[in-house]
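Some notes on the structure that comes next.
The values are calculated or read from the model by the stated rules, or taken from the named source; none is laboratory data. Note that this is a predicted model, so its numbers are computed, not measured. So basically every Cβ, Gly included, is an ideal-geometry build from the backbone, and we count neighbours across all protein chains shown.
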Amino acid sequence: MKIGIVGHIHELGWEVLQSQGHTIIEVKDTSVDSLKNELAEVSGIVLRTAQMPNEVIDACPHLQIIGRHGVGYDNVDLNYLNEKKIALGVTGTANAVSVAEHVMTFFLQLTKNIQLSDDLTRKGGFQDKGNLPTFFELYQKNVLILGFGRIGQAVAKRCLGFEMNVYVYDPYVNDEKVKELGCHSISKDEGIKIADFISVHLPLSGDTRNFINAKSFQEMKKSCVVVNTARGGIINENDLFMALHKKKIRAAGLDVFEQEPPSTDHQLFKLSNVLLTPHNAALTLECRKRMAIEVCETVSFFLKNKEKLNIQNIINRKELGI
């Protein structure tokens with residue numbers, strides 16, 4: 001079968017498809033016309049970050065599955081895929097560790113400000129360490145995890161390793177599951193009030209857009225550190241800017257933005273109490289390998305070897321009746 005790869009993936013993914021006897025079409029030009037032309041004969045698509053408009057889907061009469069190289073899928077129209085009976089796969093098990101480590105890096109950097117100590121040491125100011133800003137421990141601090149899927153659970157595990165008090169908001173996960181993992185269920189409103197750290201792991205939807213906003217920041221401790229490695233738009237960026245600018249919270253870490261890439265004159269770039277990364281939390285070498293293998297296995301197994309398919313990776317399995 002023909003499978004289109006839209007965007008660069010690690011060569012281990014290619015090897016999976018080749019070993020299963022598929023014909024691979026690599027698409028580098030992601031304009032609509034190019035996608036419609038190049039993907040017209042494919043049965044499956046491996047998709048990185050490019051948009052996949054409905055008119056491209058319409059131009060692919062043999063298409064049975066789109067596999068996302070990641071867990072977010074806001075670059076495809078899931079409702080339209082459901083109408084067309086096309087499966088949507090994600091790499092549900094590949095990126096939890098990498099993203100969780102990225103979150104902990106944000107937490108540590110935003111409380112320790114290691115770069116300031118490094119700069120002071122390099123400039124011969126070793127004896128002036130008392131002039132550095134106060135820095136803090138994670139030990140026994142309260143962390144609120146918004147969304148308790150694989151990534152949220154991986155973050156919780158690492159926070160527990162630092163002996164933090166882990167609180168979880170996720171209406172789709174029962175309290176017993178949360179308790180089994182050593183954490184505490186809590187409402188969003190109560191969690192925001194007590195949190196020293198907040199980590200966002202929610203999908204972007206109509207319900208979660210602006211989930212953290214001006215009202216939320218008013219309720220937070222001034223010492224709170226907010227981190228988003230999920231999707232831009234879950235935190236209202238204008239409200240975040242005002243909260244940071246007015247020191248209503250201590251700091252923030254963002255790996256994702258409402259518009260990607262963000263404009264070079266983005267207002268958040270002017271602030272020193274925010275740490276920014278280019279949506280690369282899941283792009284460690286190890287994670288890129290795992291995602292490439294997993295997405296290609298998902299697409300290949302769906303097409304010709306369903307007994308090996310991890311059905312949990314198919315987002316719309318219920319809608320498709322599989």
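Considered as a group, the residues in segment 91-120 that are among the aliphatic types (A, V, I, L, M) and over 12 Å from the mean Cα position of the chain (by Cα) include one that is farthest from Gly149 (Cα to Cα), and that residue is Leu120. Consider segment 49-71 and keep the residues that are of a type outside the set (A, V, I, L, M) and surrounded by 17 or more Cβ atoms within 10 Å (Cβ to Cβ). The one that is nearest to Glu319 (Cα to Cα) is Gln64.
A count restricted to segment 197-227 and to residues that are within 18 Å of the chain's Cα centre (by Cα) and surrounded by fewer than 23 Cβ atoms within 10 Å (Cβ to Cβ) stands at 10. Filtered by the rule that a residue be hydroxyl-bearing (Ser, Thr, Tyr) and under 12 Å from Phe135 (Cα atoms), segment 99-115 gives a lone residue, Thr111. Gln64 meets each of the listed conditions (1) assigned by TED's automatic domain parsing to the domain that holds Val32; (2) within 22 Å of the chain's Cα centre (by Cα) apart from (2). Which of the residues belonging to segment 257-271 are part of a loop (DSSP other than H, G, I, E, B) and either among the polar types (S, T, N, Q) or over 16 Å from the mean Cα position of the chain (by Cα) (or both)? Listed by number, the residues that qualify are Gln259, Pro262, Ser263, Thr264, Asp265, His266, Leu271. In this structure, is Glu319 out of contact with any strand residue (DSSP E or B) (no Cβ under 7 Å at 6 or more places or on another chain), touching a residue at least 60 places away in the same chain (Cβ under 8 Å) and under 25 Å from Ala154 (Cα atoms)? No. If the condition is being more than 13 Å from Ala230 (Cα to Cα) and aromatic (Phe, Trp, Tyr), then segment 188-215 contributes only Phe197.
Residue by residue, here is whether (1) surrounded by 13 or more Cβ atoms within 10 Å (Cβ to Cβ); (2) within 17 Å of the chain's Cα centre (by Cα) holds:
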| residue | (1), (2) |
| --- | --- |
| Thr229 | yes, yes |
| Arg250 | yes, no |
| Asp255 | yes, yes |
| Cys287 | yes, yes |
| Phe301 | yes, no |
| Lys304 | yes, no |
| Glu307 | no, no |
| Lys318 | no, no |
| Gly321 | no, no |
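The residue list Ala230, Ala243 contains one member that is modelled with pLDDT of 95 or more, in contact with a strand residue (DSSP E or B) (Cβ under 6 Å, 6 or more places away or on another chain) and on the phi < 0 side of the Ramachandran plot, which is Ala230. Please verify whether Val56 is in contact with a Lys or Arg (Cβ under 8 Å, 6 or more places away or on another chain), assigned to a loop (DSSP other than H, G, I, E, B), touching a residue at least 24 places away in the same chain (Cβ under 8 Å) and farther than 27 Å from Gly149 by Cβ, treating the condition exactly as stated. The answer is no for Val56. Just to be sure, is Leu78 buried (at least 23 other Cβ atoms within 10 Å of the Cβ), farther than 21 Å from Lys304 by Cβ, among the aliphatic types (A, V, I, L, M) and assigned by TED's automatic domain parsing to the domain that holds Leu17? In short, no. Sub-7 Å Cβ pairs linking a first residue in segment 87-115 that is surrounded by fewer than 21 Cβ atoms within 10 Å (Cβ to Cβ) to a second residue that is small (Gly, Ala, Ser), at least 6 apart or interchain, are Val97/Ala154, ordered by first then second residue.
Condition first: free of Cβ contacts under 8 Å to residues at least 24 places away in the same chain and within 19 Å of Gly72 (Cβ to Cβ). Now tell me which residues in segment 269-301 satisfy that. Result: Leu276, Pro278.
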